Amino acid sequence: MCGIIGIASNKPVSINIINSLKKLEYRGYDSAGLATLHQNTIIEKKCSGRVEELEKILFNSPSNGNLGIGHVRWATHGIPNETNAHPHSSDIVSVVHNGIIENSDELKKKLELKGSKFKSQTDTEVITLMITDLLKNNDPLESVIKTLKQLKGSFALGIIFKNFENYIIGARRGSPLAVGYANNENFLGSDSYALKSMTNKISYLDDGDICLLTKDKIDFYDANKKRINKKIHLLSDDENISSKGDYKNFMSKEIFEQPITAQNCIKEYIDNLKQDINIYNFPIEPNKINKIILIGCGTAYHSCLVAKYWIEELTTIEVEVDIASEFRYRKLKFNKNNLYIFISQSGETADTAAALDICKKNNVKTCSIVNAVESTIARNSDWVLPIHAGPEIGVASTKAFLGQMLVLYILSLKLGHTRKDIDDKSYQHNLKNLKLIPNAIKESLKIESNIQLMAKEFLDAKGSMFLGRGLSFPIALEGALKLKELSYLHAEGYPAGEMKHGPLALIEEGLPVIVIAPEDKYFEKTLSNMQEVIARGGKILFITNQKKVLVNENIRFSIKVPLLDNMLSPILLTIPIQLLAYHVALLKGCDIDKPRNLAKSVTVE
Ligand code: M6R
């Protein structure tokens, strides 16, 4: 989703703006642009498509200036083209914006009545033209503050001004924004990741904050222009992990590094000397937890669904699962003995962050399970359990899903044991099995060549269906999400027992149906549901961990992952569905790391 960069320096900034925009590419975008200030003139360059295009434009016609702003845009208002790309500039102001201005139509009408002329279809241009109008009688900071007061919706902004060669103004409401400090240079960025190659000293703006940034210092203000102070955070150095190495794309790297992801995560949470889980300081005493509510979006939501089964199995705590975009608008009954857990790889997902804010306003205890520990969601929750997966760059979430499941499983085990819902023997047995996971994932990845063959079955398919029961039901949902996200092929995930209640009508001759059937208490039942599909012509692709090979002439392909404890089956069964989506997308020539229309970090609702 959109990304912002701003640099005030004692040397030309355009190359560093381009380099930082490249760091923001992982968020997903469809156009790019930058504006620098040189000899009292705003120089704006924009293009649709990739940052490399912008780089070529600059190569042919360099942009001078020691101060500038840059942007990658993920279209919301108006098609992705050069005119709608950011920055949006008048003669005297240039603005980059993340978020959505909900009352832009109304503001636009008012500005047009005053004679303002709009060039783009965006909501952002109202900000540029409002500030331009206010600058007639106000200084830049006052003009920005007065403009912000009229805006409804969410924003992170970077603004430069023709007659003020020195400074950039940044502002935040609802969309993340950070600043970075260096010698003779200061930075503005929509996340710390974009700033990391330039500095490890970062401050985060909170909602309502405004910053005024020059090359020498950064001042912070609240919405009423009162000076405020901000804490400086020192970032950890995990940059080295964000290159593709020998892999074709980030997604394949991220799939194949999952044995290490699992090992790192387990190492962080399991104390091998004490044979115990290192999770302490629960925000609510475990015996007093009345209910756990798990909240996330997309793949993170699927990890919540898996965890529901684990928490129910390993503890006596009641569990609810919610999609963040639904949770945030419902009439909820909050209870101080409930623990609200937010799952997010990026820690910046707008709906999840908003759901967390609602919990905070209702004074209930919150926990976040995140990959980005410096993110908004991590910073705003009472308790953070990192997944330690390292940067995930591919838009399709793979290793983060694994990390989310692992942390949720570890947390369920710890809760069950601390509350004495499970005894020592079963706790130790589960811990022992958990440590086998990294190797079992390594084994599971060996199925890749079979999956490549299986992927061919999808080339002419009109759609597909993923079926599972119990712990495999969320994996069926995840399989369908991965396939549609990457290969643009329609896919549905269903609890196999639901087929007769509607979806069976979709089955026709040759439709690929992926049946996820581990050797658990549902196995025979899933096989019966599979027979119903076979009887109607569905083409079965079978994924299992069962010891005995199931021979059935109607099964087109059978894929087997190692059999560990049943409870851990979702972790291993995820590997084939990730590889399947990856290989179907590869065969279809899709953009693996940046699927169309999608963004890595969904910072608007
Ligand atoms: O960063 P988050 O985990 O909060 O992101 C949530 C979803 O947007 C994300 O999981 C999305 O569904 C993935 N692209 C799926 O692969």
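The values are calculated or read from the model by the stated rules, or taken from the named source; none is laboratory data. Worth saying up front: this structure is predicted, and the values here are computed from it rather than measured. We place every Cβ from the backbone using ideal geometry, glycine too, and count neighbours over all the protein chains shown. Just the protein is used for accessible areas: all its heavy atoms, side chains included, with ligands, DNA and RNA removed. Shrake-Rupley method; radii C 1.70, N 1.55, O 1.52, S 1.80 Å.
List of remarks:
- Given (1) open to solvent by 60 Å² or more (accessible area, probe 1.4 Å); (2) modelled with pLDDT of 95 or more; (3) closer than 30 Å to ASN19 by Cβ, index of the condition PHE164 fails: (2)
- Yes/no for GLY28 being in the same structural domain as ASP216 (by TED's automatic domain parsing), at pLDDT below 90 and open to solvent by less than 30 Å² (accessible area, probe 1.4 Å): yes
- For segment 356-377, the criterion of being acidic (Asp, Glu) and closer than 24 Å to SER203 by Cα is satisfied by at least one residue.
- Residue check, LEU356 within 13 Å of the ligand (Cβ to nearest atom) and either of a type in the set (A, V, I, L, M) or not assigned by TED's automatic domain parsing to the domain that holds VAL407 (or both): yes
- Among (1) among the hydrophobic types (A, V, I, L, M, F, W, C); (2) farther than 24 Å from LEU134 by Cα; (3) assigned to a helix (DSSP H, G or I) - the single one ILE5 does not satisfy: (3)
- Yes/no for PHE155 being under 21 Å from PRO176 (Cβ atoms), open to solvent by less than 80 Å² (accessible area, probe 1.4 Å), touching a Lys or Arg at 6+ places or on another chain (Cβ under 8 Å) and assigned by TED's automatic domain parsing to the domain that holds GLU82: yes
- Residues of segment 359-374 satisfying the condition of being over 23 Å from THR261 (Cβ atoms) and either within 11 Å of the ligand (Cβ to nearest atom) or surrounded by 18 or more Cβ atoms within 10 Å (Cβ to Cβ) (or both): CYS359, VAL364, LYS365, THR366
- Residue that is least open to solvent (accessible area, probe 1.4 Å), among those in segment 74-121 that are touching a helix residue (DSSP H, G or I) at 6+ places or on another chain (Cβ under 6 Å) and polar (S, T, N, Q): SER104
- Every residue from segment 185-199 that is assigned to a loop (DSSP other than H, G, I, E, B) and either under 22 Å from the mean Cα position of the chain (by Cα) or at pLDDT 95 or above (or both): SER190, ASP191, LYS196, SER197
- Test: residue in segment 328-342 that is within 26 Å of ILE475 (Cβ to Cβ) and within 11 Å of the ligand (Cβ to nearest atom): yes
- Scanning segment 555-605 for residues that are without any contact (Cβ under 8 Å) to a residue 40 or more places away in the chain and not in a loop (DSSP other than H, G, I, E, B) returns ILE555, SER558.
- Counted residues, segment 380-412 - those being of a type in the set (Gly, Ala, Ser), more than 26 Å from GLN428 (Cα to Cα) and either open to solvent by less than 10 Å² (accessible area, probe 1.4 Å) or away from the ligand (no atom under 11 Å from the Cβ) (or both): 4
- Meets criteria (touching a strand residue (DSSP E or B) at 6+ places or on another chain (Cβ under 8 Å), charged (D, E, K, R) and surrounded by 12 or more Cβ atoms within 10 Å (Cβ to Cβ)) for LYS291: yes
- Elements of type helices (runs of 4 or more DSSP H) in segment 445-541, at least 2 residues being within 30 Å of ASP593 (Cβ to Cβ): 448-456, 472-487
- Single condition VAL584 does not satisfy, out of (1) within 14 Å of the ligand (Cβ to nearest atom); (2) open to solvent by less than 40 Å² (accessible area, probe 1.4 Å): (1)
- Residue among GLY463, GLY394, GLY416 that is in the same structural domain as SER487 (by TED's automatic domain parsing) and out of contact with any Cys (no Cβ under 8 Å at 6 or more places or on another chain): GLY463
- Some residue of segment 294-310 being more than 16 Å from the ligand (Cβ to nearest atom) and without any contact (Cβ under 8 Å) to a residue 40 or more places away in the chain: yes
Listed here are the residues, each with its yes/no results for (1) open to solvent by less than 10 Å² (accessible area, probe 1.4 Å); (2) within 16 Å of the ligand (Cβ to nearest atom); (3) among the hydroxyl-bearing types (Ser, Thr, Tyr); (4) without any contact (Cβ under 8 Å) to a residue 24 or more places away in the chain.
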residue: GLY416; (1), (2), (3), (4): yes, no, no, no
residue: TYR427; (1), (2), (3), (4): yes, no, yes, yes
residue: LYS432; (1), (2), (3), (4): no, no, no, yes
residue: MET454; (1), (2), (3), (4): yes, no, no, no
residue: LYS462; (1), (2), (3), (4): no, no, no, no
residue: TYR488; (1), (2), (3), (4): no, yes, yes, no
residue: GLU508; (1), (2), (3), (4): no, no, no, no
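- Some residue of segment 477-485 being within 16 Å of the ligand (Cβ to nearest atom), without any contact (Cβ under 8 Å) to a residue 60 or more places away in the chain and open to solvent by 10 Å² or more (accessible area, probe 1.4 Å): yes
- Residue check for ALA324: open to solvent by less than 10 Å² (accessible area, probe 1.4 Å), within 16 Å of the ligand (Cβ to nearest atom), in contact (Cβ under 8 Å) with a residue 60 or more places away in the chain and of a type outside the set (Ser, Thr, Tyr): no
- Taking the criterion of being of a type outside the set (Val, Ile, Thr) and open to solvent by 10 Å² or more (accessible area, probe 1.4 Å), the residues of segment 539-560 that qualify are LYS539, GLN546, LYS547, LYS548, LEU550, ASN552, GLU553, ASN554, ARG556, PHE557, SER558, LYS560.
- Evaluated against (1) within 14 Å of the chain's Cα centre (by Cα); (2) open to solvent by 20 Å² or more (accessible area, probe 1.4 Å); (3) β-branched (Val, Ile, Thr), ILE377 falls short on exactly one condition, (2).
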